[in-house]
Amino acid sequence: MRTLTGAAATRLRGRRVPAVFGSGGVCLYCFSLVYTTGKGVRMSQPITGSCLCGEIRFEIAPPSGGFRYCHCSRCQKVTGAAHAANLFLPVSQFKWLSGESLAKRYNLPGAKRFAVSFCTQCGTRVPHKIAATENMLIPAGVLDAKPDIAPEYNIFWGSKAPWLVETAQMAKFEEYGK
Ligand SMILES: [Zn+2]
Ligand SMILES: [Zn+2]
């Protein structure tokens, strides 16, 4: 087992901690796959994301900076769901792979930062840069693999949908229910 710091450090519950690698190139803290660069520095493997029609594709490079469920009324509108599941990380760790020109951004008038970007062909939400910051918001549902961190907490709980039932309290079926 090796312990690394600096560029190879990862995040654990909001604190920066050294990534500790066990067998099989998996970080023992966040369980993300890691690989060795030519310089011998281990970095987490990039994760791709894509929209439903597949025209827009992008890549993120861990470590991610945060992962939250947002229950605000704006997120309910843009997702059509009880809450958004948003991952955050610096712009420098984000790269478009294809279809960027198909993404349309809507900035909510009067809002300080609230915006939404979506694929104009299939309507899927796609990442956008958060205004006045150097961070990207990544809708976690469009990622093609499990990110390096798990959702940390719920925000805007006071605005939650009046019909929300937490999934832990609901029956679960592999596919369609009864
Ligand atoms: Zn699309
Ligand atoms: Zn929100």
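Please treat every number below as a calculation from the coordinates, not as lab data. Worth saying up front: this structure is predicted, and the values here are computed from it rather than measured. Virtual Cβ from ideal backbone geometry, glycine too; neighbours counted across all protein chains shown.
Numerical summary
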| read-out | value |
| --- | --- |
| Electrostatic dipole magnitude of the stretch 70-178 [Cβ: Lys, Arg +1; Asp, Glu -1; Cα centre; debye, to 20] | 440 |
| Separation of alpha-carbon centers, the stretch 160-178 and the stretch 114-138, rounded to whole Å | 27 |
| In sequence order, calculated HN-Hα J values of the stretch 63-75 (Karplus, 6.51, -1.76, 1.60; Hz; x Gly/Pro) | x, 6, x, x, 8, 9, 8, 10, 9, 5, 5, 5, 5 |
| Mean Cβ count within 10 Å, highest first, over the residues of peptides 153-162, 131-140 | 131-140, 153-162 |
| ³J(HN,Hα), Karplus 6.51/-1.76/1.60, whole Hz, each residue of the stretch 79-87, x for Gly, Pro | 9, x, 10, 5, 7, 8, 10, 10, 9 |
| Sorted by Cβ neighbour density within 10 Å, fewest at the top, the residues Val116, Val165 | Val165, Val116 |
| Karplus-derived 3J(HN,Hα), 6.51/-1.76/1.60, for each residue of the stretch 138-146, Hz, glycine and proline x | 10, x, 4, x, 8, 6, 8, 8, 5 |
| Equivalent ellipsoid dimensions for the stretch 46-162 as semi-axes, Å, which come from the Cα gyration tensor, largest first | 21, 17, 14 |
